[in-house]
1. K49 versus (1) modelled with pLDDT under 55; (2) farther than 15 Å from Q3 by Cβ; (3) surrounded by 10 or more Cβ atoms within 10 Å (Cβ to Cβ): which is the lone unmet condition?
2. Scan region 1-16 for residues that are exposed (fewer than 15 other Cβ atoms within 10 Å of the Cβ) and among the hydrophobic types (A, V, I, L, M, F, W, C) and report the count.
3. Can you pull out the residues in region 24-37 that are within 20 Å of F11 (Cα to Cα) and either surrounded by 15 or more Cβ atoms within 10 Å (Cβ to Cβ) or touching a helix residue (DSSP H, G or I) at 6+ places or on another chain (Cβ under 9 Å) (or both)?
4. Name the single residue that is farthest from the chain's Cα centre (by Cα) among those in region 1-38 being in a strand (DSSP E or B) and farther than 19 Å from R53 by Cα.
Amino acid sequence: MIQIEKLSKEFVQDGKRVVALDGIDLEVPHGEICVLLGPSGCGKTTTLKIINRLVTPIRRARARRRPGHEPVRRRSSCGERSAT
């Protein structure tokens, strides 16, 4: 299961604070498939990178797992497909 509560991320660009994610809540049960849809720049890739531990959030995203399963490992890449 992936459970995210109040996920937030900010970047500094040209000396200005840019809020990339603000208070995202998401729960994906074990074995389910989740799709993130939205316009360019809305935070889809940032959310996936935080889940895969490639980017550090301001507030922690929790990845819960069922008892007896291996710990969540850091993945080296994040898949993304653009709509054409």
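The values are calculated or read from the model by the stated rules, or taken from the named source; none is laboratory data. Fair warning: this is a prediction, and the values are worked out from it, not measured in the lab. Cβ placement follows ideal geometry from the backbone for every residue including glycine, while neighbour counts extend to all protein chains displayed.
1. Here K49 clears every test but (1).
2. Residues in region 1-16 being exposed (fewer than 15 other Cβ atoms within 10 Å of the Cβ) and among the hydrophobic types (A, V, I, L, M, F, W, C): 3 in total.
3. Listed by number, the list holds a single entry, I24.
4. Applying the first criterion (in a strand (DSSP E or B)) to region 1-38 yields 2-13, 16-28.
Narrowing further to those that are farther than 19 Å from R53 by Cα: 12-13, 16-18.
Numbers: V12: 19, Q13: 20, K16: 23, R17: 20, V18: 17 Å.
Checked region 1-38; the qualifying residue farthest from the chain's Cα centre (by Cα) is K16.
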